[in-house]
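Reviewing the structure listed below.
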Amino acid sequence: MESLWGTLFNNRKLSELQFTYRNRNVYPFDGELIEEIPDIEVLKSKPTLIVVHLIGQHVDYALRYTEEFRKFTPDDVNPQYGGEIGKHVVANYDNSLLYNDYVVGSIMQKVSGTDAICIYLADHGEEVYDWRDAYMRTDESELLPEVAHYQFEIPFMVYLSDTFKANHEDLAKKISESMDLKIMNKDLSHILLNLGGIETPEYNAKYDCFSDEYDNDKKRIVRGSFDFDEIIKGFKDK
């Protein structure tokens with residue numbers, strides 16, 4: 001099979017160039033990926049980069065968590081918009097968040113006994129009846145401040161094991177100091193090159209938020225032409 005879904009990362013030749021090993025299974029629930037992570041002794045034996053691609057909270061939210069994580073019901077939520085349908089959607093979304101927290105926490109726990117750094121981020125945000133009668137992502141020609149906030153602001157979380165913090169004190173301090181910097185998920189490649197100690201002309205320190213040369217004033221352009229920081233001011237000023 002040349003491509004699983006016809007996307008860039010699933011092209012067979014490119015996949016062979018990118019990964020030493022790639023699991024061949026597609027799971028209905030993200031938690032099943034945890035067992036694909038090598039055992040701790042394997043992780044300790046050599047430097048390893050593991051990429052875990054989660055389904056996360058992509059619609060349909062009701063399909064994104066297992067039954068034991070069905071903690072929220074429509075009676076537990078009261079969204080301002082969406083009516084009865086909105087209550088079901090929000091409850092399912094909250095359950096999917098709870099399950100995602102479990103999955104991400106389990107992955108971090110599995111590598112906690114190694115010299116490990118974990119970076120978790122999303123590819124986009126999601127509206128769930130937050131400020132209007134709508135959910136999922138939208139594609140209006142005008143990028144409203146509310147849309148910029150709910151659909152483009154994403155989590156970017158960094159976990160450092162105790163061993164990592166002890167072995168890399170300067171880097172751990174730099175990571176801690178970067179918490180309030182303005183970043184974009186497209187900068188991740190530069191961050192990983194730095195963390196891996198890889199020297200290449202493609203690396204640019206001004207896009208690496210763990211570098212002293214990081215450019216925190218660069219424009220963050222979304223949808224090709226919109227200045228995210230200028231637009232988001234309209235949300236934060238409300």
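The values are calculated or read from the model by the stated rules, or taken from the named source; none is laboratory data. Just so you know, these numbers come straight off a predicted model, no measurement behind them. Reconstructed Cβ throughout: ideal geometry from the backbone, glycine too, with neighbour counts over all protein chains shown. Just the protein is used for accessible areas: all its heavy atoms, side chains included, with ligands, DNA and RNA removed. Shrake-Rupley method; radii C 1.70, N 1.55, O 1.52, S 1.80 Å.
Listed here are the residues, each with its yes/no results for (1) touching a helix residue (DSSP H, G or I) at 6+ places or on another chain (Cβ under 8 Å); (2) more than 29 Å from residue 101 (Cα to Cα).
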residue: 140; (1), (2): yes, yes
residue: 143; (1), (2): yes, yes
residue: 151; (1), (2): no, no
residue: 180; (1), (2): no, no
residue: 183; (1), (2): no, no
residue: 187; (1), (2): yes, no
residue: 214; (1), (2): yes, yes
residue: 230; (1), (2): no, yes
residue: 235; (1), (2): yes, no
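When region 201-238 is filtered for residues that are farther than 25 Å from residue 177 by Cβ, open to solvent by less than 50 Å² (accessible area, probe 1.4 Å) and of a type in the set (Val, Ile, Thr), the ones remaining, listed by number, are 222, 231.
Scanning region 24-35 for residues that are within 19 Å of residue 101 (Cβ to Cβ) and more than 19 Å from the chain's Cα centre (by Cα) yields one hit, 35.
Being over 21 Å from the mean Cα position of the chain (by Cα) and loosely packed, with under 15 Cβ neighbours inside 10 Å is the requirement here; does residue 170 meet it? In short, yes. Of 27, 61, 99, all but one fail to be open to solvent by 40 Å² or more (accessible area, probe 1.4 Å) and farther than 30 Å from residue 169 by Cβ; the exception is 27. Residue pairs whose Cβ atoms lie under 7 Å apart, sitting 6 or more positions apart in sequence or on different chains, and linking a residue in region 128-154 that is farther than 17 Å from residue 230 by Cα and assigned to a loop (DSSP other than H, G, I, E, B) to a partner that is hydroxyl-bearing (Ser, Thr, Tyr) and open to solvent by 50 Å² or more (accessible area, probe 1.4 Å), are 129/81; 129/135; 130/150; 132/81; 133/81.
Of the residues that make up region 71-87, is at least one in a loop (DSSP other than H, G, I, E, B), among the charged types (D, E, K, R) and at pLDDT 95 or above? Yes, region 71-87 has at least one match. Listed conditions (1) closer than 30 Å to residue 87 by Cα; (2) part of a helix (DSSP H, G or I) are all met by residue 109, apart from (1). Restricting region 41-58 to residues that are in contact with a Ser or Thr (Cβ under 6 Å, 6 or more places away or on another chain) and outside any loop (DSSP other than H, G, I, E, B) leaves a set whose member that is surrounded by the fewest Cβ atoms within 10 Å (Cβ to Cβ) is 44.
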